[in-house]
């Protein structure tokens, strides 16, 4: 835990220091340092992240090099979506380039963190705040545990600018590419419709009340997605299992989301409502606030849908954006106080996750570098 704590302390220090820097480009530029450190920590971890890491290792080992991959034949037999063909292709490509599984892990990590910076730096005036929030919301829970989704989230972050600009074709292409790696990404295509929704304080209040109350629908075990079962026959492999699970005709995915996530969301949502009139809206802020609000149904209406537990990962970094927008016009002193409070909350959240995941197995960080292992085959 000490290495996570040191990096978090460093990121928090940069956040507070950057608040004193007047120019946005310099504030965002220094965030590259903690992002680089996080990419190395994540990328060089040694079999950390639960049992899934062994599945990823096995997939890499059994995937042939490109000469033997036969991409078109694989697509014909398994389909383009639902068989993780994009993820398998990446495994094959990286193996062909001479890397082993540890090299693959490092490349995936670097890719994700590059996407975080490239995708979000234009939407924020202080990337350091996003780093601090990310260490709570995605650093361990996403990048350590879910390698496939990690890649897909990175691609989605790159697509947000096209969502903002109304470039449907470019947005859709990136989402479809991501969905060949993590199928659930395909359900982000309807987010394009957000650009046609006018954002007002009244609408946020109504939306928040309605979807918060849908928690009772979930408690009554009423499946509002049962009609999606008709889509099952359109896909194959894990995609078919996931759709069946969402539609209530399968039991491959059990579990749900902790209601504490709903409470946490609502606290920030209330602050957003109270401070909405003071936010100087532009295209960047509008799309990020809308993405933030899209998280609510997953914590209320779909709270018992185990298959949807991981969908918020695509949207969680918007928490940092909303916090920034709310304090944008505050004095430096107030910002320092608020950012300090946010940092404490994020650290406690990160600590809670580390201590509870698989009985605290991730408390002790292990890197393949300490074992003298190479990233090449």
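The values are calculated or read from the model by the stated rules, or taken from the named source; none is laboratory data. Please read all numbers here as calculations on a predicted model, not as lab measurements. We place every Cβ from the backbone using ideal geometry, glycine too, and count neighbours over all the protein chains shown.
Against the list (1) within 25 Å of residue 118 (Cβ to Cβ); (2) without any contact (Cβ under 8 Å) to a residue 40 or more places away in the chain; (3) outside any helix (DSSP H, G or I), the condition residue 64 fails is (1).
Take the conditions under 29 Å from residue 145 (Cβ atoms), more than 17 Å from the chain's Cα centre (by Cα) and assigned to a loop (DSSP other than H, G, I, E, B) and apply them to residue 267. Does it pass? When the stated conditions are applied, residue 267 does not pass them. Any residue that is in a helix (DSSP H, G or I) and within 20 Å of residue 276 (Cβ to Cβ) - is there at least one of those in the stretch 342-362? Yes: one or more hits.
Only residues that are out of contact with any helix residue (DSSP H, G or I) (no Cβ under 6 Å at 6 or more places or on another chain) and part of a helix (DSSP H, G or I) were counted in the stretch 39-58, giving 7. For the list (1) in contact (Cβ under 8 Å) with a residue 24 or more places away in the chain; (2) under 26 Å from the mean Cα position of the chain (by Cα); (3) surrounded by fewer than 20 Cβ atoms within 10 Å (Cβ to Cβ), I need the number of the one condition that residue 45 fails. Failing condition for residue 45: (3).
Screening residue 186 with (1) touching a helix residue (DSSP H, G or I) at 6+ places or on another chain (Cβ under 6 Å); (2) exposed (fewer than 13 other Cβ atoms within 10 Å of the Cβ); (3) modelled with pLDDT of 90 or more gives one miss only, at (2).
Given the structure, is residue 198 surrounded by fewer than 16 Cβ atoms within 10 Å (Cβ to Cβ), modelled with pLDDT of 90 or more and within 24 Å of the chain's Cα centre (by Cα)?
Criteria not met by residue 198.
Within the option set 354, 303, being touching a helix residue (DSSP H, G or I) at 6+ places or on another chain (Cβ under 7 Å), surrounded by 14 or more Cβ atoms within 10 Å (Cβ to Cβ), modelled with pLDDT under 95 and in the same structural domain as residue 187 (by TED's automatic domain parsing) holds for one residue only, 354.
Yes/no per residue for (1) crowded, with 19+ Cβ neighbours inside 10 Å; (2) under 13 Å from the mean Cα position of the chain (by Cα); (3) not assigned by TED's automatic domain parsing to the domain that holds residue 24:
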site	(1), (2), (3)
103	yes, no, no
129	yes, no, no
135	yes, yes, no
165	no, no, no
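Can you find, within the stretch 166-203, the residue that is nearest to residue 305 (Cα to Cα) among those that are touching a residue at least 24 places away in the same chain (Cβ under 8 Å) and part of a loop (DSSP other than H, G, I, E, B)? Filtering the stretch 166-203 for residues that are touching a residue at least 24 places away in the same chain (Cβ under 8 Å) and part of a loop (DSSP other than H, G, I, E, B), the one nearest to residue 305 (Cα to Cα) comes out as 182. Being more than 15 Å from the chain's Cα centre (by Cα) and in a helix (DSSP H, G or I) is the filter here, so list the residues in the stretch 112-127 that pass it. Scanning the stretch 112-127 gives a single hit, 127.
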